[in-house]
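S.K.: Here you go, one structure.
The values are calculated or read from the model by the stated rules, or taken from the named source; none is laboratory data. Just so you know, these numbers come straight off a predicted model, no measurement behind them. When we count neighbours, we look across all protein chains shown, and the Cβ atoms used for this are built from the backbone with ideal geometry, even at glycine. Protein only, heavy atoms only, side chains kept; ligands, DNA and RNA dropped before computing areas. Shrake-Rupley method; radii C 1.70, N 1.55, O 1.52, S 1.80 Å.
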Amino acid sequence: MKAFTTSVLALGILVAGSVHAFELSSKDIQEGHPMAKTFEYAGWGCNGSNLSPQLMWKDAPVGTKSFAITVYDPDAPTGSGFWHWVAFNIPLSVAELPRGADIEKLGGTNSRIDYGTVGFGGACPPEQDGMHRYQFTVWALPTDKLDLDASTPAAVVGFTLNTMALGKAKLTATYTR
């Protein structure tokens with residue numbers, strides 16, 4: 001069993017191209033912890049500041065040429081979850097986003113989200129619906145640009161990312177109203 005475990009670990013290191021794992025962290029949100037009202041949506045009955053949290057990532061896989069970011073709530077009572085942010089074509093030189101980041105100013109593209117808008121849309125679960133999880137994911141991509149635009153549906157972007165990503169790093173925060 002030890003030889004098998006060692007081989008699997010060696011393979012994982014070889015595939016990743018690094019002994020370090022692709023990692024996402026934030027000064028504003030923590031894994032498994034509630035987000036502040038600052039990150040709540042402004043609309044749909046919510047009155048937060050609608051700011052995206054500060055995010056930073058490191059140790060992207062070898063071959064990465066750009067990044068994408070998604071924020072998804074799998075607990076939304078829709079039957080299909082809820083997309084809160086879909087951004088792509090973020091240059092390789094970017095490894096940190098400030099709170100309230102403007103993806104376009106960084107050279108990236110925001111796509112349509114489930115609020116019917118483009119750009120970040122904060123948490124806004126229905127009142128009394130319990131805790132919702134918000135999955136912040138940074139995707140490492142093998143191309144500089146995706147052949148997608150701001151009108152591309154979030155599910156299509158998600159499909160594209162899942163079929164081509166070299167790796168992804170995830171941080172899941174929570175929110176309740």
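S.K.: Going by the conditions given, is residue 169 open to solvent by less than 10 Å² (accessible area, probe 1.4 Å), touching a residue at least 40 places away in the same chain (Cβ under 8 Å) and outside any helix (DSSP H, G or I)?
M.R.: The answer is yes for residue 169.
S.K.: Test residue 112 against the stated conditions and say whether it is within 15 Å of the chain's Cα centre (by Cα), open to solvent by 10 Å² or more (accessible area, probe 1.4 Å), under 14 Å from residue 35 (Cβ atoms) and in contact (Cβ under 8 Å) with a residue 24 or more places away in the chain.
M.R.: no
S.K.: Listed residues 36, 21; which is open to solvent by 30 Å² or more (accessible area, probe 1.4 Å) and either without any contact (Cβ under 8 Å) to a residue 12 or more places away in the chain or in contact with a Lys or Arg (Cβ under 6 Å, 6 or more places away or on another chain) (or both)?
M.R.: 36
S.K.: Name the residue that is modelled with the highest pLDDT, counting only residues in region 74-88 that are open to solvent by 10 Å² or more (accessible area, probe 1.4 Å) and either of a type in the set (Gly, Ala, Ser) or farther than 27 Å from residue 131 by Cβ (or both).
M.R.: If we filter region 74-88 for residues that are open to solvent by 10 Å² or more (accessible area, probe 1.4 Å), which is where we start, we get 74-80, 82-83.
Remaining after also requiring either of a type in the set (Gly, Ala, Ser) or farther than 27 Å from residue 131 by Cβ (or both): 76, 79-80.
Details: 76: 96, 79: 91, 80: 93.
Filtering region 74-88 for residues that are open to solvent by 10 Å² or more (accessible area, probe 1.4 Å) and either of a type in the set (Gly, Ala, Ser) or farther than 27 Å from residue 131 by Cβ (or both), the one modelled with the highest pLDDT comes out as 76.
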